[in-house]
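The structure appears right after this line, and notes come after that.
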Amino acid sequence: MKRVGIAGAGLIGNWHAARWKHLPVELTGFYDVSSEAAARAVEKFGGRAFDSLDDLLAAVDVVDVCTPTPHHKTPVLAAAAAGKDILCEKPLARHLHDAEEMVAVCQSAGVRLFVAHVVRFFRQFVQAKAILDSGALGRPGVIRTVRGGGFPDWSNHSWFADFEQSGGVVMDVSIHDIDFARWCFGDVERVFARGLTFAGVQPHDHALITLRFKNRAIGHIEGSWAYPPGRFRTRFEIAGDQGLIEFDNLAPAPLTVTLKPDQSPQAPGIPQPHSPLAPQDDPYFLELEHFLNCLESGPVDKFLISPQDGLEAVKISLAAIESVRTGRPIYLDEFEESAT
Amino acid sequence: MTVKIGILSFAHMHAYSYAACLKQIPSVKLVGLADDDPERGQETARRFGTRFFASAGALLGEKLDGVIICAENVKHRPLTELAAPRTPHILCEKPIATTMADAQVMIDVCAAHGTRLQIAFPVRFSPPVQRLKTILDEGTLGRIYSVKTTNHGRMPGGWFVDKALAGGGAVMDHTVHVIDLLRWFWNTEVTEVYAEVGYSLLHPGLGIDDVGMLSFRLATGAYGTLDASWSRPDCHPTWGDVKLEVLGERGIARVDAFSQNLAVYSDRTGKAQWVHWGSNTDLGLIRDFVDMIATGREPFITGYDGLKALEVALAAYLSAERGEPVALPLEREGGA
């Protein structure tokens with residue numbers, strides 16, 4: 001049984017831990033710069049809290065890197081040096097040269113690196129990709145996606161609001177759909193984007209990104225931390241020359257409960273929507289299960305998301321930010337991240 | 001432990017879904033299938049990589065752990081009578097039977113042989129429906145006033161519209177799912193049914209009921225309605241629906257159990273379709289059946305559950321015939 005250690009005991013680290021508990025692994029423990037956070041996770045999920053990353057690495061076979069974006073590189077490089085397989089949260093890194101270095105080091109160390117673009121495990125996205133691949137839509141033409149809400153108030157961590165650390169809404173949120181669009185339509189030729197990234201309204205951020213794919217198809221990606229508070233929205237449509245797929249999470253939910261005003265202290269009279277799935281269909285569970293199955297099925301790399309996919313998603317996101325900054329279309333083949 | 005399962009008949013299209021679910025569970029071996037129609041049986045056996053048996057008796061000779069019966073409704077009883085002495089677990093497609101007498105015989109013969117009988121009500125495994133059950137159990141809505149429900153479908157054709165094989169049309173086909181959910185939600189029974197039943201209303205010349213509008217009262221005191229009609233045309237983007245609206249003193253809960261869909265429009269097929277991405281309720285049902293076999297526990301959905309749901313469908317026909325409400329339980333000797 002693989003021994004799994006989680007670096008970073010924040011929100012995502014806790015989510016992953018809850019799923020690892022239902023997989024045939026030993027959840028060995030947690031390391032976090034905050035020993036309190038690690039201790040809290042141990043209380044909930046068992047295992048032990050490690051005093052250092054090196055101690056964690058010495059005790060496990062697999063490292064699940066759930067630290068904030070700017071702190072992915074250190075544990076990934078350390079895990080590679082220790083010969084441990086790695087699952088790394090998205091985005092792979094905040095900067096392109098870091099991402100490139102992480103991919104190269106893992107490759108030369110012979111450890112496997114999986115970048116956790118979890119959208120590829122959401123059933124509605126998986127179904128859409130399957131329908132697209134079935135040819136029912138004909139030749140791919142245009143993809144539109146929306147992912148956004150207000151600035152995440154569930155996060156006490158200021159690092160999201162700090163563009164230097166998080167890369168703003170493009171790198172933290174839209175990168176999901178950038179990866180999905182690339183999964184559907186292939187590599188991107190150029191990107192053009194407008195947004196609030198440099199508009200001085202942080203932590204609010206918003207971007208409208210236009211993509212041109214190498215297969216001539218076109219994409220539009222909206223990411224938002226600037227909507228009024230309320231339900232987070234995800235939406236996509238994929239059109240080909242013979243068909244269209246639409247998904248909108250704000251379509252009437254399969255279950256809503258509306259209480260009379262005096263009965264519902266949180267949100268008087270407002271419907272509470274639910275879209276439940278069976279536990280085994282949970283995308284985070286499916287993602288970890290896939291990663292584990294790939295590790296256990298032998299040396300051939302069958303990851304649904306390759307390190308190169310993780311790298312490309314970072315590159316396109318950075319190019320979009322560069323386009324917001326310069327007002328120019330950015331060609332991916334020529335793109336180099338500016339020093340800023 | 002390998003769980004050995006056979007399927008008796010593919011007359012009901014749900015058998016294809018159940019077979020696909022069985023293939024997804026590593027601990028299950030689909031030993032074979034039997035079918036009255038050898039051509040359909042052989043082709044289906046090839047499709048699922050299993051063996052075709054020319055008779056149900058031959059398949060039942062394979063020391064199965066369980067069988068799934070998906071024959072025409074009237075054949076549920078003879079197949080159950082054949083299987084009960086030879087296999088310890090039976091999953092029977094809904095409705096359990098077409099008469100109360102047949103349903104009772106099925107329950108009795110299984111009890112006599114210690115065979116566990118489960119009825120296929122997969123909607124109990126819909127995550128939105130399960131969440132609603134939790135909300136109701138927590139008492140969130142307070143006293144329940146009413147429940148407005150639909151189980152619409154397309155007109156399925158084939159033996160489903162032959163009274164001699166199906167026992168009835170839309171009302172027989174689409175009453176039992178929702179009634180089972182309501183009995184399960186509140187551990188209650190239907191005490192009275194009034195029904196308007198329409199024959200060939202939506203499909204001229206059909207010769208069987210295609211519209212059913214049931215109005216009922218539960219032992220809890222709540223009242224409700226169920227629209228069981230085959231009112232979805234062939235071009236409708238999905239097969240139908242299961243919708244529930246529960247009104248209580250504190251608020252209202254609405255479930256549209258099969259609404260986690262992608263809208264797909266394709267000129268290649270000439271169709272607009274809703275493709276379900278929500279959890280597969282049939283897989284939940286089949287996993288539960290396999291779990292019952294593996295653990296030796298009692299069924300989650302019993303033959304008695306099947307019988308009580310059927311009773312409401314039969315009462316609906318009776319009410320329509322008499323033009324007045326019918327009290328339940330039905331007199332066993334009288335109709336049925």
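Considering A:168, A:135, the condition of being on the phi > 0 side of the Ramachandran plot, surrounded by fewer than 20 Cβ atoms within 10 Å (Cβ to Cβ) and out of contact with any Phe, Trp or Tyr (no Cβ under 6 Å at 6 or more places or on another chain) is satisfied by A:135 alone. Taken over region B:241-275, the criterion of being facing chain A (nearest Cβ under 7 Å), surrounded by fewer than 19 Cβ atoms within 10 Å (Cβ to Cβ) and either on the phi > 0 side of the Ramachandran plot or of a type in the set (Asp, Glu) (or both) is satisfied by B:267 alone.
Looking only at region B:212-232, residues that are β-branched (Val, Ile, Thr) and assigned to a loop (DSSP other than H, G, I, E, B) come to 1 in all.
Determine if region A:307-318 includes at least one residue that is surrounded by fewer than 17 Cβ atoms within 10 Å (Cβ to Cβ), at pLDDT 90 or above, farther than 30 Å from residue B:147 by Cα and away from every other protein chain (no Cβ under 14 Å). Yes. Where helices (runs of 4 or more DSSP H) fall wholly inside region A:107-224, the ranges with 2 or more residues that are in contact with a strand residue (DSSP E or B) (Cβ under 9 Å, 6 or more places away or on another chain) and within 23 Å of residue A:74 (Cα to Cα) are A:175-185. Restricting attention to region B:276-303, the residues being within 9 Å of chain A (Cβ to nearest Cβ) and either touching an Asp or Glu at 6+ places or on another chain (Cβ under 7 Å) or without any contact (Cβ under 8 Å) to a residue 40 or more places away in the chain (or both) number 3.
Of the residues A:149, A:186, A:141, the single one that is outside the structural domain of residue A:93 (by TED's automatic domain parsing), out of contact with any helix residue (DSSP H, G or I) (no Cβ under 8 Å at 6 or more places or on another chain) and surrounded by fewer than 16 Cβ atoms within 10 Å (Cβ to Cβ) is A:186.
The residues of region A:169-179 that are in contact with an Asp or Glu (Cβ under 7 Å, 6 or more places away or on another chain) and either farther than 14 Å from residue A:206 by Cα or at pLDDT below 95 (or both) amount to a single one, A:179. Scanning region A:4-50 for residues that are small (Gly, Ala, Ser) and not in a loop (DSSP other than H, G, I, E, B) returns A:5, A:7, A:13, A:17, A:18, A:29, A:35, A:37, A:38, A:39, A:41, A:49. In region A:254-277, the residues that are surrounded by 15 or more Cβ atoms within 10 Å (Cβ to Cβ) reach residues that are at pLDDT below 80 and not in a loop (DSSP other than H, G, I, E, B) with C-beta atoms within less than 6 angstrom, at least six apart or across chains, in these pairs: A:257/A:272.
When A:40, A:94 are checked against the criterion of being modelled with pLDDT of 95 or more, surrounded by 19 or more Cβ atoms within 10 Å (Cβ to Cβ) and not hydrophobic (A, V, I, L, M, F, W, C), A:94 stands alone in meeting it.
For (1) within 14 Å of another protein chain (Cβ to nearest Cβ); (2) of a type in the set (A, V, I, L, M); (3) crowded, with 24+ Cβ neighbours inside 10 Å; (4) more than 18 Å from residue A:249 (Cβ to Cβ), each residue gets a yes or a no:
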| residue | (1), (2), (3), (4) |
| --- | --- |
| A:78 | no, yes, no, yes |
| A:82 | no, yes, no, yes |
| A:114 | no, no, yes, yes |
| A:182 | no, no, no, yes |
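The single condition among (1) within 23 Å of residue B:74 (Cα to Cα); (2) surrounded by 14 or more Cβ atoms within 10 Å (Cβ to Cβ) that residue B:325 does not meet is (1).
Within region B:203-222, is there a residue that is at pLDDT 95 or above, on the phi < 0 side of the Ramachandran plot, within 14 Å of another protein chain (Cβ to nearest Cβ) and surrounded by 20 or more Cβ atoms within 10 Å (Cβ to Cβ)? No, region B:203-222 contains no residue that is at pLDDT 95 or above, on the phi < 0 side of the Ramachandran plot, within 14 Å of another protein chain (Cβ to nearest Cβ) and surrounded by 20 or more Cβ atoms within 10 Å (Cβ to Cβ).
The values are calculated or read from the model by the stated rules, or taken from the named source; none is laboratory data. All values derive from a computational prediction rather than experimental measurement. Cβ atoms come from the backbone with ideal geometry, glycine included; neighbour counts cover every protein chain shown.
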